[in-house]
Amino acid sequence: MTPTGRHRDAGQAFPIYLTVVAGLLFLAFAYLAVGQAATNRNGAQTAADAAALAAAQDTRKQLAALWVKDVLDPTKWQDVFDGKVPVDPSCWRAYQLAAQNDAHVESCAPRGPLGYQVSVRTDRSVGRSVVPGTENTYSRESASAVVEALCTFELPGGGAGGSALPRLTCKDRNWDLDPHDLGSLPGPQDLFDVHLVAD
């Protein structure tokens with residue numbers, strides 16, 4: 001029996017239909033691969049940001065402790081606020097925070113006297129996809145964070161010390177410190193700000 005024209009048309013359209021469906025499926029998987037890569041990059045950037053901030057926050061903690069140690073000698077305050085005092089390296093904190101975000105530090109270096117630049121690589125690859133090689137592709141990102149002093153003061157008598165401590169102005173708050181009663185001192189977050197900066 002000879003197939004009718006309608007059946008012939010249906011038979012010819014079926015391969016076209018399969019080709020279109022296969023193309024759409026490939027596009028869907030390609031978009032999925034792009035999404036996987038973007039998610040992996042975002043994870044790397046999150047890890048880099050957290051690592052850089054952690055290192056800078058550890059430096060802030062050390063600087064604040066040094067300021068408290070020398071609080072009765074205001075001639076040493078400015079060196080603390082400028083980062084001109086010895087502090088221990090803080091990259092160990094960057095390694096900790098990167099690991100908590102499924103990444104590891106590839107480099108960590110000081111950025112000026114009061115900051116760090118950190119580069120990380122994800123521990124997990126982008127994963128298998130229709131794009132060849134993604135299972136062996138890892139995301140790398142970097143971030144920089146700095147410590148910024150928030151306080152200003154004026155030494156009495158052009159720099160000479162004395163029994164009275166100068167008023168410490170930190171952002172919108174004034175601290176009138178009593179050398180005989182140091183029960184309430186500004187904390188690290190009052191003395192210094194920590195924030196990300198462009199690489």
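Tabulated results
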{"quantity": "Residue in region 131-141 that is at pLDDT below 95 and at positive phi present", "calculated": "yes"}
{"quantity": "Candidates A99, A109, A54, A94 - the one that is out of contact with any Ser or Thr (no Cβ under 7 Å at 6 or more places or on another chain) and either of a type in the set (D, E) or surrounded by fewer than 15 Cβ atoms within 10 Å (Cβ to Cβ) (or both)", "calculated": "A109"}
{"quantity": "Among (1) under 14 Å from A55 (Cβ atoms); (2) at pLDDT below 95 - the single one H104 does not satisfy", "calculated": "(1)"}
{"quantity": "Selection from region 91-115 of residues that are touching a Lys or Arg at 6+ places or on another chain (Cβ under 9 Å) and either closer than 10 Å to D58 by Cα or not aliphatic (A, V, I, L, M) (or both)", "calculated": "D102, H104, E106, P113"}
{"quantity": "Yes/no for L53 being touching a helix residue (DSSP H, G or I) at 6+ places or on another chain (Cβ under 8 Å) and without any contact (Cβ under 8 Å) to a residue 24 or more places away in the chain", "calculated": "no"}
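To keep it simple, each residue is scored yes or no on (1) under 30 Å from L155 (Cβ atoms); (2) touching a strand residue (DSSP E or B) at 6+ places or on another chain (Cβ under 9 Å); (3) β-branched (V, I, T); (4) assigned to a strand (DSSP E or B).
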position: R41; (1), (2), (3), (4): no, yes, no, no
position: Q62; (1), (2), (3), (4): yes, no, no, no
position: L72; (1), (2), (3), (4): yes, no, no, no
position: K84; (1), (2), (3), (4): yes, no, no, no
position: Q117; (1), (2), (3), (4): no, yes, no, yes
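The values are calculated or read from the model by the stated rules, or taken from the named source; none is laboratory data. Bear in mind that the values here come from a model prediction, so they are computed numbers and not experimental data. Cβ sites come from the backbone with ideal geometry, for glycine too, and all protein chains shown count toward neighbours.
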